[in-house]
Every structure is written in C-alpha cells, then in structure tokens.
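Down below is the structure, laid out as structure tokens.
The values are calculated or read from the model by the stated rules, or taken from the named source; none is laboratory data. All values reported here derive from a predicted model rather than from experimental measurement. All Cβ positions, even for glycine, are placed from backbone atoms using ideal geometry, and neighbour counts span all protein chains on display.
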Ligand code: DNO
C-alpha cells in the first residue's frame with residue numbers, strides 16, 4: 001500500500017506539493033492534466049512536465065485520476081471509435097512516461113453528486129452532504145448552479161462549467177441509454193483498450209457511481225457487488241480493475257464493504273477510503289475518517305484490503321473543512337492530512353498484528 005493525496009496541480013489547488021510531502025506516511029500524489037477535455041490526446045511532453053514537477057517535490061506520481069471518458073464512448077455514438085483511439089493514444093503516452101494506474105468513471109452526465117457542499121456539523125466543521133429529497137426537488141439543469149455557489153471560487157472536477165453548459169444536450173444523448181446499453185458500451189470500450197494496457201502494464205481502475213443509485217432517471221451501473229463482479233468477468237483481464245471507493249459504494253447501506261473488497265481480490269488497483277455518517281438511508285454526510293465519527297468500520301475496510309494483498313495507492317478522500325481553511329470543498333489540506341495519518345496508523349497496526357501472529 002502506498003499512501004497518497006489527490007492533488008489538483010499548481011494552477012488549481014490551494015494545497016502545495018511541499019505541504020503534502022510533510023504529511024507522515026504520504027509518498028505520492030494522484031493527479032491529472034486539468035487543462036484537458038475528455039476526448040483529447042494527452043501529449044508526452046505535458047505528462048512528463050507534470051511528472052517532473054511532482055518528482056522535483058520529492059513525491060511519486062502514483063496514478064492518474066482521471067482520464068475522463070468522452071460521452072460518445074459512454075453512449076456508443078457513431079464517432080466513439082475515434083474517441084477510443086484518442087484514449088488509447090493517451091494511455092500509450094502515459095505508459096511511455098512510466099505511469100501505470102488510470103482511474104476513470106462511466107457515470108452519465110453528472111460525476112459525483114452532492115446536494116450540499118458545506119453542511120455544518122455540531123463541531124463547527126463543514127462537510128459535503130446528500131439528501132435524496134433535495135435531488136428530487138431539483139431540476140437537473142439547476143444542479144450546477146446549486147453546486148457552483150458553494151465551490152469557494154474553485155473548479156471542482158466533474159463540475160466544470162464547460163460541461164455544465166451542455167447539460168441539456170447531454171441529457172438528450174442519454175435518452176435511449178439504459179443500464180444494459182451502458183454496460184455493453186463499457187465492455188466495448190474496455191475490450192478495445194486492453195491490448196494497450198497489456199503492452200504498457202496499465203491498470204485501469206473504474207470509480208463507482210456516487211451515489212450508488214440512479215439520479216435524475218439516468219442509468220447507473222457501477223453501484224454494487226454483483227455489477228462490479230459482472231464487469232470483472234465480462235472483461236477478464238487483470239488490467240480491467242477497480243478503484244474501491246468506500247464513500248461511493250458505501251452510500252448504499254446494503255453494500256457490505258469488506259465483503260466487496262474480498263470479492264474483488266486481485267482487481268482493486270486503487271482505493272479511496274473515507275467514512276460517511278447516515279441520518280437516514282438517503283440522507284448522509286461525509287464525516288471525519290475516524291470510524292466512530294461515521295457509520296463504517298474503517299479498521300475492517302483496511303483489514304480487508306490488507307488481507308486480499310492490496311498493493312496499490314490509497315488516498316484519504318473528501319475531508320471536512322476545519323480550522324478556518326478555505327479550499328475546494330472536500331479537498332482541503334488539514335482534514336485529509338488527519339485522514340491519511342489515521343489510515344496509515346490503522347495499516348501499521350494491521351501489518352504488525354498479522355506479523356506477530
Ligand atoms: C470526487 C471523486 C470523483 C472521481 C471520479 C473518477 O471527489 O471521487 O470525481 O474522481 O469520478 O473518475
């Protein structure tokens with residue numbers, strides 16, 4: 001396991017590489033080329049520049065989150081092969097530059113969805129939160145405005161203004177797409193990219209849908225054990241793998257997280273580990289990472305990763321906003337640093353406990 005933090009690049013992040021390097025146990029960052037649009041080919045020069053910048057700060061570039069998948073691929077449009085060719089070119093360039101982990105998602109229109117970005121908790125911290133009632137009351141086209149007001153002047157991945165300007169058009173594109181078609185389009189995409197992943201040893205790691213159910217009537221497929229195991233079998237190649245995100249799969253309380261980790265043994269290449277606090281099954285907020293602050297048993301999650309031989313990067317995920325920090329909601333320094341330290345501590349205890357037995 002390698003502990004990492006997500007970093008948005010010097011142009012977009014309030015957190016610096018120098019700060020990240022000072023978090024005990026954190027040796028790498030997960031990042032992306034934030035200036036690119038889905039469908040564009042990433043050049044080797046740009047990839048190398050990013051890598052050099054990270055390495056000059058004494059950190060590893062441990063993986064990319066995300067190389068986003070163009071909607072033409074997700075909807076299986078007539079021009080999808082051209083976009084898949086571009087994706088393959090990007091993977092090849094990443095491979096040539098020595099990068100072996102790519103996180104992506106296959107969510108239609110909206111990436112992760114929250115209804116509040118600054119819900120106040122009892123201790124005065126603020127957190128991202130979700131209530132189904134708020135989603136049900138909202139016109140999807142207004143979703144962006146409702147999110148944008150709370151972004152603290154930052155641009156949040158998945159909620160880029162260029163993308164949100166096209167919401168109407170995007171909904172139109174997905175009109176005929178149901179879960180089965182989306183699944184078939186995902187399999188088609190994976191089958192086409194596997195040869196380049198095999199050649200360059202690139203682990204593809206699909207991020208689950210967040211929340212793990214359909215929003216605004218859109219299809220959502222990466223939501224539970226059965227579906228993700230089905231995907232692993234449909235394209236049965238180790239390079240077709242998973243980003244295990246406890247906070248996303250965990251939105252559905254029916255998902256047993258340690259059990260899912262065990263069912264995905266050997267296919268989890270990347271883990272996002274965070275906790276949620278539920279008020280009702282469809283009203284939850286993102287708590288501190290610490291088990292007792294939320295609903296999940298973080299020890300059991302880390303132990304399942306350890307026991308299944310997980311060796312990839314882990315990152316703490318969305319943190320609370322604490323100590324007066326102003327940053328991208330969920331992506332400040334302080335609470336993610338606390339989360340990373342806590343997870344590193346759990347891991348040390350698990351490893352030593354196992355070694356002494
Ligand atoms: C939210 C993130 C997601 C994730 C993408 C992966 O904070 O977990 O935006 O990065 O869905 O492609």
Give 272, 289 a once-over and let me know the one that is under 26 Å from residue 7 (Cβ atoms), within 16 Å of the ligand (Cβ to nearest atom) and part of a strand (DSSP E or B).
272
Within the set of pairs 6 or more residues apart or between chains, which connect a residue that is without any contact (Cβ under 8 Å) to a residue 40 or more places away in the chain inside region 243-263 to a residue that is within 16 Å of the ligand (Cβ to nearest atom) with Cβ atoms less than 8 Å apart?
260/228; 260/244; 260/249
Just one of the numbered conditions (1) in a loop (DSSP other than H, G, I, E, B); (2) touching a helix residue (DSSP H, G or I) at 6+ places or on another chain (Cβ under 7 Å) is not true of residue 303; which one?
(1)
Of everything in region 218-241 that's within 16 Å of the ligand (Cβ to nearest atom) and in contact with a strand residue (DSSP E or B) (Cβ under 9 Å, 6 or more places away or on another chain), which residue is farthest from residue 278 (Cα to Cα)?
240
Of everything in region 78-89, what is in a helix (DSSP H, G or I) and surrounded by fewer than 16 Cβ atoms within 10 Å (Cβ to Cβ)? Give them in sequence order.
81, 82, 85, 89
Where the second residue is more than 11 Å from the ligand (Cβ to nearest atom) and the first is without any contact (Cβ under 8 Å) to a residue 24 or more places away in the chain and lies in region 151-165, which pairs have Cβ atoms under 7 Å and are six or more apart or on separate chains?
164/144
Looking at region 68-77, can you tell me whether even one residue there is touching a residue at least 12 places away in the same chain (Cβ under 8 Å), more than 16 Å from the ligand (Cβ to nearest atom), part of a helix (DSSP H, G or I) and surrounded by fewer than 22 Cβ atoms within 10 Å (Cβ to Cβ)?
yes
Sole residue being within 16 Å of the ligand (Cβ to nearest atom), under 30 Å from residue 14 (Cβ atoms) and at pLDDT 95 or above, chosen from 298, 328, 321, 302:
321
Among 40, 55, 45, the single one that is more than 16 Å from residue 186 (Cα to Cα) and either in contact with a strand residue (DSSP E or B) (Cβ under 8 Å, 6 or more places away or on another chain) or part of a strand (DSSP E or B) (or both) is 55
What are the residues in region 242-265 that are crowded, with 22+ Cβ neighbours inside 10 Å and either more than 16 Å from the ligand (Cβ to nearest atom) or within 17 Å of residue 311 (Cβ to Cβ) (or both), if any?
242, 243, 244, 260, 261
So residue 157 ticks every box in (1) in a loop (DSSP other than H, G, I, E, B); (2) out of contact with any helix residue (DSSP H, G or I) (no Cβ under 9 Å at 6 or more places or on another chain); (3) away from the ligand (no atom under 16 Å from the Cβ) but one. Which box is left unticked?
(3)
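Please count how many residues of region 189-212 are assigned to a helix (DSSP H, G or I) and touching a residue at least 24 places away in the same chain (Cβ under 8 Å).
Here the count works out to 11.
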When residue 261 is run through (1) under 29 Å from residue 200 (Cα atoms); (2) in a loop (DSSP other than H, G, I, E, B), the failure sits at (2)
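Table: residues versus (1) in a helix (DSSP H, G or I); (2) over 17 Å from the mean Cα position of the chain (by Cα).
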{"position": "229", "(1), (2)": "yes, yes"}
{"position": "233", "(1), (2)": "yes, yes"}
{"position": "237", "(1), (2)": "no, yes"}
{"position": "251", "(1), (2)": "no, no"}
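The rows are residues; the columns are (1) within 16 Å of the ligand (Cβ to nearest atom); (2) under 22 Å from residue 36 (Cβ atoms).
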site: 129; (1), (2): yes, no
site: 144; (1), (2): yes, yes
site: 164; (1), (2): yes, yes
site: 172; (1), (2): no, no
Hey, does region 137-148 have a residue that's surrounded by fewer than 16 Cβ atoms within 10 Å (Cβ to Cβ), within 21 Å of the chain's Cα centre (by Cα) and over 23 Å from residue 173 (Cα atoms)?
yes
Single match in 98, 58 (criterion: over 27 Å from residue 248 (Cβ atoms), touching a helix residue (DSSP H, G or I) at 6+ places or on another chain (Cβ under 6 Å) and at pLDDT 95 or above)
58
